[in-house]
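K.L.:
Take this structure, written in structure tokens, and hold onto it; I'll ask about it next.
The values are calculated or read from the model by the stated rules, or taken from the named source; none is laboratory data. Keep in mind that this is a model prediction, so the values were computed, not measured. Neighbour counts run over all protein chains shown; Cβ positions are idealised from the backbone, glycine included.
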Amino acid sequence: MGDKEEYQNKKFSTRIISNSFSKKDVHGAINMPVYRNAAFEFFSSEEIANAFQNKIAAHTYTRISNPTVENFENKIKEASGADMVMAMSSGMAAISNTFFTLAYAGCNIVTSPHLFGNTFSLFKFTLADFGVETRFVDTNNLSEIEAAIDENTCAFFCELVTNPHLEVADLPEISKILKKKHIPMVIDTTVIPWCGFNAREAGVDIEVVSTTKYISGGATSVGGAILDYGTFDWSNNKRLTKVKPTSDMSAFAFKLRREIARNIGAQMDPDTASMQSLGLETLELRFNKMSASAFELSRFLSEQSNVVKVGYPGISSSPYYDLVKKLFRGNPGAMLTLNLESKEACFDFMNKLQIIRRATNLFDNKSLIIHPESTIYGTFSAELKKAMDIDETLLRLSVGLEDVNDLKSDIIRALDIL
Ligand SMILES: *Cc1c(COP(=O)(O)O)cnc(C)c1O
């Protein structure tokens, strides 16, 4: 487990599928059993004392750790090459726990205004009440990023492909600035899974991901994960400088595992971990098929006269085409956007679809469509929507595993009626 040489030698799906349990199962179960229990029994008072004092590695209570959840975390280690993985109850739990670990009153976070809605709200409202400032910058403007950083910057944060704007930031270039200034790079990688993006190579220090999306294996459950690549020297963070890990964890991982995550209590439950472990085993297959369909649909939609604009960073007309080649081997995943004439046209089109479902969420096996302005951002004020550049003529489509020709027929039928 975590053996670097083994990680490099075996290919992605093999590493996930062939990963072994940390202890041999007594019955030889081939899938990790679901340990659906809150507490673990010890054979002596000395042993339970040692477990609580971290002198022996043992599960004591499922809010702290659990064998099924640990097995899922180990599979993610195999998938990503991260040093430490902590599974959480949701993507938002991963993001909030990360910032509860890094941030402190008086610090600031440098990020893009183009964020997942709840992440934006976490930064702008929740953390602001605790004295954390968020500095919104254009992540395609390196000098703007550099100028926003000061001695109280606790992290730079952004998403791999922003949603619904579909922007891609040049992470290796941003990483050079952050290294010079001793600022950790925290990236939300939800929209491109590990088979399509090498976080360590791109300079990512901490990764957060909503495993609800690609990983869960068909929207089976809500979950998240925090990954630490062990690449950052935390003595530069004012909050973590005093943390002295007693094990081989980084100061960040130590503070997160031993204090923050236990106190917040947003751990992944064992049933979710079991479903998502199975999801991980088919991740590469699903990602490749969905992305190929998204690419084909983006070209198909571009040819339709009543589609005003198509957004997909994998097509050569996208300003991010070269970056997508550099960071994601040309494959920006299964999310695309389309603009129609008006909000009414968007609503009519959505109402006529018979295969593509009207639902939020991304990267389900089913294709999903949503009108972000009236839903995800529906309760945001007009000013906020303007600050986040939310466009009422835009639809977001997450392409699923249906036959791509059936999806085309569904789209043609719905567009023809406009
Ligand atoms: C869905 C999503 C989240 C939040 O994840 P949950 O599992 O719903 O909490 C965060 N970031 C991005 C980019 C997402 O798509």
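K.L.:
Does MET335 satisfy the criteria of being of a type in the set (A, V, I, L, M), surrounded by fewer than 21 Cβ atoms within 10 Å (Cβ to Cβ) and not assigned by TED's automatic domain parsing to the domain that holds GLU159?
P.N.:
Numbers: of a type in the set (A, V, I, L, M): yes; surrounded by fewer than 21 Cβ atoms within 10 Å (Cβ to Cβ): no; not assigned by TED's automatic domain parsing to the domain that holds GLU159: yes.
Considered against the rule, which asks whether it is of a type in the set (A, V, I, L, M), surrounded by fewer than 21 Cβ atoms within 10 Å (Cβ to Cβ) and not assigned by TED's automatic domain parsing to the domain that holds GLU159, MET335 comes out as no.
K.L.:
Tell me which residues, restricted to region 246-270, are part of a loop (DSSP other than H, G, I, E, B), more than 20 Å from the chain's Cα centre (by Cα) and surrounded by 18 or more Cβ atoms within 10 Å (Cβ to Cβ). Full working, then the answer.
P.N.:
Of all residues in region 246-270, those part of a loop (DSSP other than H, G, I, E, B) come to 246-250, 265-266, 268-269.
From the residues that got through so far, the ones that are more than 20 Å from the chain's Cα centre (by Cα) too are 246-250.
Selection gives MET249, SER250.
K.L.:
Within region 113-156, track down each residue that is within 24 Å of the chain's Cα centre (by Cα), closer than 15 Å to LYS176 by Cα and polar (S, T, N, Q).
P.N.:
THR139, ASN140, ASN141
K.L.:
Hey, another quick one. Can you name the number of the only condition in (1) touching a residue at least 24 places away in the same chain (Cβ under 8 Å); (2) farther than 30 Å from GLU392 by Cβ; (3) away from the ligand (no atom under 16 Å from the Cβ); (4) aliphatic (A, V, I, L, M) that ALA148 fails?
P.N.:
With (1) touching a residue at least 24 places away in the same chain (Cβ under 8 Å); (2) farther than 30 Å from GLU392 by Cβ; (3) away from the ligand (no atom under 16 Å from the Cβ); (4) aliphatic (A, V, I, L, M) applied to ALA148, the lone miss is (2).
K.L.:
Looking at (1) more than 21 Å from the chain's Cα centre (by Cα); (2) buried (at least 21 other Cβ atoms within 10 Å of the Cβ), find the lone condition where ARG299 falls short.
P.N.:
Against the list (1) more than 21 Å from the chain's Cα centre (by Cα); (2) buried (at least 21 other Cβ atoms within 10 Å of the Cβ), ARG299 comes up short only on (2).
K.L.:
Tell me which residues, restricted to region 382-418, are charged (D, E, K, R) and either part of a strand (DSSP E or B) or in contact with a helix residue (DSSP H, G or I) (Cβ under 6 Å, 6 or more places away or on another chain) (or both). Steps first, answer last, please.
P.N.:
Our first condition is that a residue be charged (D, E, K, R); within region 382-418, this holds for 383, 385-386, 389, 391-392, 396, 402-403, 406, 408, 410, 413, 416.
Result: GLU392, ARG396, LYS408.
K.L.:
Checking VAL110 against (1) buried (at least 23 other Cβ atoms within 10 Å of the Cβ); (2) part of a helix (DSSP H, G or I); (3) more than 14 Å from the ligand (Cβ to nearest atom), which test does it fail?
P.N.:
Checking VAL110 against (1) buried (at least 23 other Cβ atoms within 10 Å of the Cβ); (2) part of a helix (DSSP H, G or I); (3) more than 14 Å from the ligand (Cβ to nearest atom), the one that fails is (2).
K.L.:
Pairs please, first residue from region 83-96 and of a type outside the set (D, E, K, R) and buried (at least 23 other Cβ atoms within 10 Å of the Cβ), second anywhere and in a strand (DSSP E or B) and modelled with pLDDT under 95, Cβ atoms under 8 Å, 6+ apart in sequence or on different chains.
P.N.:
Close Cβ pairs satisfying both conditions: none exist.
K.L.:
Which of the residues spanning region 116-145 are within 13 Å of the ligand (Cβ to nearest atom) and in a helix (DSSP H, G or I)? Explain how you work it out, then say what you get.
P.N.:
Looking only at region 116-145, we keep the residues that are within 13 Å of the ligand (Cβ to nearest atom), and these are 116-123.
Within region 116-145, GLY117, ASN118, THR119, PHE120, SER121, LEU122, PHE123 meet the criteria.
K.L.:
Same structure again: Provide a single number: the residues in region 302-314 that are assigned to a loop (DSSP other than H, G, I, E, B) and within 23 Å of the chain's Cα centre (by Cα). Please lay out each step first, then the result.
P.N.:
First, the residues of region 302-314 that are assigned to a loop (DSSP other than H, G, I, E, B): 303-308, 312-314.
If we keep only those that are within 23 Å of the chain's Cα centre (by Cα) too, we end up with 312-314.
Count: 3.
Condition check ((1) under 17 Å from THR360 (Cβ atoms); (2) assigned to a helix (DSSP H, G or I); (3) more than 10 Å from the ligand (Cβ to nearest atom)) across all residues:
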{"position": "ILE183", "(1), (2), (3)": "no, no, yes"}
{"position": "PRO193", "(1), (2), (3)": "no, no, yes"}
{"position": "PHE197", "(1), (2), (3)": "no, no, yes"}
{"position": "ARG200", "(1), (2), (3)": "no, yes, yes"}
{"position": "LYS213", "(1), (2), (3)": "yes, no, no"}
{"position": "SER216", "(1), (2), (3)": "yes, no, no"}
{"position": "SER235", "(1), (2), (3)": "no, yes, yes"}
{"position": "THR241", "(1), (2), (3)": "no, no, yes"}
{"position": "LYS244", "(1), (2), (3)": "no, no, yes"}
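K.L.:
Same structure again: For ASN163, work out the one condition from (1) away from the ligand (no atom under 16 Å from the Cβ); (2) touching a residue at least 60 places away in the same chain (Cβ under 8 Å) it doesn't fulfil.
P.N.:
So the condition that ASN163 fails would be (1).
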